[in-house]
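Report on one structure; see the data block that follows.
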Amino acid sequence: MKKDIHPKYYADAKIKCACGSVLETGSTQNKIEVEICSNCHPFFTGDKKVVDTAGRVERFKQITAKSAQKKEATKKANTKTKIKDTEKIKKKKEKNQKNLKSLKK
């Protein structure tokens, strides 16, 4: 077997949760920081709470609102350009038909 290929194992590694609880376990990392643990997880505690790290829910709502506004604006712009384009096409067709009539005479 090869020597020195495995990472160092810490038998007394500490896991620190955002709620403040500290758990000891064995790991290849000496210190581990987590956002949620069995002491504060809703599944184990029975409480319902929103875990929002750094305002991600609000940020997501803002981003979706902005994208919805952009979509609405582009829809309006596209319909306006489509109407203008169809009017231009109609005018060109009429002009072409007049030219064809004049050529046939």
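Values in this text are rule-based calculations from the coordinates and carry no lab data. If you're wondering where the values come from, they're calculated on a predicted model, not measured in any experiment. FYI the Cβ positions are ideal-geometry reconstructions off the backbone, even for glycines, and counts take in every protein chain you see.
The figures follow:
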quantity: For Tyr10, residues with placed amide H under 5 Å, excluding near neighbours; calculated: Ser27, Thr28, Gln29
quantity: Check: the chain dipole with +1 on Lys, Arg Cβ and -1 on Asp, Glu Cβ, in debye; calculated: 2340
quantity: Among beta bridges that DSSP assigns inside the chain, antiparallel share in %, nearest 5; calculated: 55
quantity: Nearest 10 degrees, 0 to 90: helix 56-104 Cα axis against the chain principal axis; calculated: 20
quantity: Likely footprinting exposure, Asp4, Asp47, fewest C-beta neighbours within 10 Å first; calculated: Asp4, Asp47
